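Here the structure comes first, spelled out in structure tokens, and everything after it is commentary.
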Amino acid sequence: MAYFSTRGESCVIASQAVLRGLAPDGGLYVPAMFPAFAPEQMADLYGKDYAGRAADVLKVYLEDYTSAEIEQAVRAAYSPERFDDPRITPLKKLDDATWIMELFHGPTLAFKDIALQLLPHLMKLAAVKNGEQREVSILVATSGDTGKAALEGFRDVEGTSCTVFYPMDGVSDVQKLQMVTTGGNNTHVIAVKGNFDDAQTGVKELFNSESFAKEMDARGKVLSSANSINFGRLVPQIVYYFSAYADLINARAIAPGDPVNFCVPTGNFGDILAGFYARNMGLPINKLICASNRNNVLTDFLNTGIYSTHRTFFRTLSPSMDILVSSNLERLLYEAADRDGALIRVWMNQLKECGSYSVGEQRRDWIGDVFWGDCADNKDTLLEIRKQFHENHYLMDPHTAVASHVLRQYRLQRNDPTLTIVLSTASPYKFAADVLRGVAGEDAVKDLDPFACSEELERITGMPMPKQVRELRDLPVRHTAVCERDAMGPAVISEFD
Ligand SMILES: *Cc1c(COP(=O)(O)O)cnc(C)c1O
């Protein structure tokens, strides 16, 4: 199957889309069509494990990968050494109409592991298929979660390396510790003296620099990106929508063909977009509920059809959703615009030049048939964590709590009894202080460091602390490099020389 750029000026095959990440015209790669998943194919999934389901879904998209390659990749990615639950994305029942899908059982305790455990395998194969002899060197700028997930995904994957830049004073203590203690022979972590924007701008400059490409080439390396706009990160996320449906059938909570809703805590729009793709393939999804925090640019867009970045940026309790430009929305716009790349170019130019664009009422309504959006502030988030723990004995992280709160609003407004699956994107222990605050109040966290908060949370809730959090205190620091914001290129080179 071919992949088109959303801006209309590039067409490649699957492995090239994975290897390149972004299209040369600045657009995002989208599949030429959405392969329909027949009822028999759906029924085939019921009896399979997660890796088997993943292989079935991936095969219909990655046409220039062989079945054997895909089978091998998914077995390596979704193995018991990597995930602490054999079901990979286990479903938990909250009440008759509400289930939670836990996407945080991977090595870094956040949902990005599901895609970033698989992407390195797809990348490595893509390099071979396209005659790329050089080492594929991944560069990532991170505000926290993505960096660690990329490092764990690419760690010790032959033919690749992964270098992560993080803002020296811009990530949490736990996030920093998670990164600087990373093992593996091909991982590099560098602190940038600056904020996240400095790190991100620096990485973009490196991608655009011919002289840097030459220096890397001289060392037998070619640059690539593990950013969430890479189609290789999107396609693994389609899998768990199908898998959730299969699990609900097996649990006799639904019958084949019954509609379900998914409620998704959203930042860059990658996770929820994968749900839209699953729906286009025939999965019976009624509504996709888009949950935002106080940075509610998507809520406003879904309500008005106007996307505007003229707004204040807030730091919230759900930092992975603190985003004003949702890159993956471009893929939804492409469908809403009847795949008119020229129109996407106009909107994206307006966004760049004026900070906003409007898709018009008709297209807004078309999007609104599937998507519904609302938001939760910090107070709503803490209250939701408290409620879910005390009423349902379910411990949620702040991102998941945003979604859970928004689902309540949806039901109040729409009175829709359809069974709904809430996507849980992070372990509560990744944000132990705030979760403890939610469960036990402000006083409970007084004078506690992040480790003490985790221990207190375990004591109060009885929910076991993941070993990744427990180990963090004792792991040796392996990465201590620091660089000025205008010296990121030399910093990368000195890691390799
Ligand atoms: C990245 C992330 C999100 C947002 O996902 P998008 O695909 O960017 O919408 C939500 N929760 C957590 C914990 C994340 O790490």
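I'd like the Kirkwood hydrodynamic radius of the chain, using the inverse of the mean 1/r over distinct C-alpha pairs, in Å.
Working: mean 1/r = 0.0435 Å⁻¹.
One over the average 1/r among Cα pairs gives 23.0 Å for the chain.
How high is the relative contact order of the chain, in percent, with contacts defined as C-alpha pairs under 8 Å that are six or more residues apart?
18
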Tail fraction, Cα-Cα pairs, the range 71-206, threshold 18 Å, whole percent: 59
Could you give the distance between the Cα centres of the range 396-434 and the range 448-482, to the whole Å? 24
Inter-label distance for residue 497 and residue 76, nm, one decimal - labels placed 7 Å from Cα along Cα-to-Cβ: 3.2
Alpha-carbon centroids, the range 269-303 and the range 30-72: separation in whole Å: 22
Sorted on mean Cβ neighbours within 10 Å (highest first), peptides 37-49, 146-158, 59-71 come out as 146-158, 59-71, 37-49
Report the relative contact order of the range 44-107, percent, no decimals, based on alpha-carbon pairs under 8 angstrom and at least 6 residues apart. 25
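Quick one: accessible area per residue over the range 157-299, 1.4 Å probe, rounded to a whole number of Å²? It would help to have the intermediate numbers written out before the result.
Details: 4590 Å² over 143 residues.
For the range 157-299, the solvent-accessible area averages 32 Å² per residue.
For the chain, what % of the accessible area comes from carbon and sulfur atoms, probe 1.4 Å? It would help to have the intermediate numbers written out before the result.
Working: 9510 of 19860 Å².
Answer for the chain is 48 percent, counting heavy atoms of protein chains only.
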Mind checking the full-extension length gain between residue 415 and residue 353? Use 0.36 nm per residue of separation minus the Cα-Cα distance, one decimal, nm. 18.3 nm
Between residue 141 and residues 5 or more places away or on another chain, the pairs with built amide H atoms under 5 Å apart involve 165
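Can you give me the orientation-averaged projected area of the convex hull built on the Cα atoms of the range 172-305, in nm²? Walk me through the intermediate numbers first.
On the way: hull surface 51.4 nm².
With every direction weighted equally, the projected area is 12.9 nm².
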Using a basic spin-label model with each label point 7 Å from the Cα along Cα→Cβ, how many nm lie between residue 252 and residue 383? 3.9
If you plug each phi of the range 87-104 into the Karplus form 6.51 cos²θ - 1.76 cosθ + 1.60 with θ = phi - 60°, what whole-Hz ³J(HN,Hα) values come out, in order, with x for Gly and Pro? 7, 6, 10, x, 9, 10, 8, 8, 8, 4, 9, 9, 10, 10, 9, 8, 9, 10
Divide by every residue of the chain the summed helix terms, -39500 (n - 2.57) for each DSSP H run of at least 4, and state the resulting mean residue ellipticity at 222 nm, rounded to the nearest 500 deg cm²/dmol. -14000 deg cm²/dmol
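The values are calculated or read from the model by the stated rules, or taken from the named source; none is laboratory data. All values derive from a computational prediction rather than experimental measurement. Note: ideal-geometry Cβ built from the backbone for every residue, glycine included; neighbour counts use all protein chains shown. Only protein heavy atoms, including side chains, enter the accessible area calculation; ligands, DNA and RNA are left aside. Shrake-Rupley method; radii C 1.70, N 1.55, O 1.52, S 1.80 Å.
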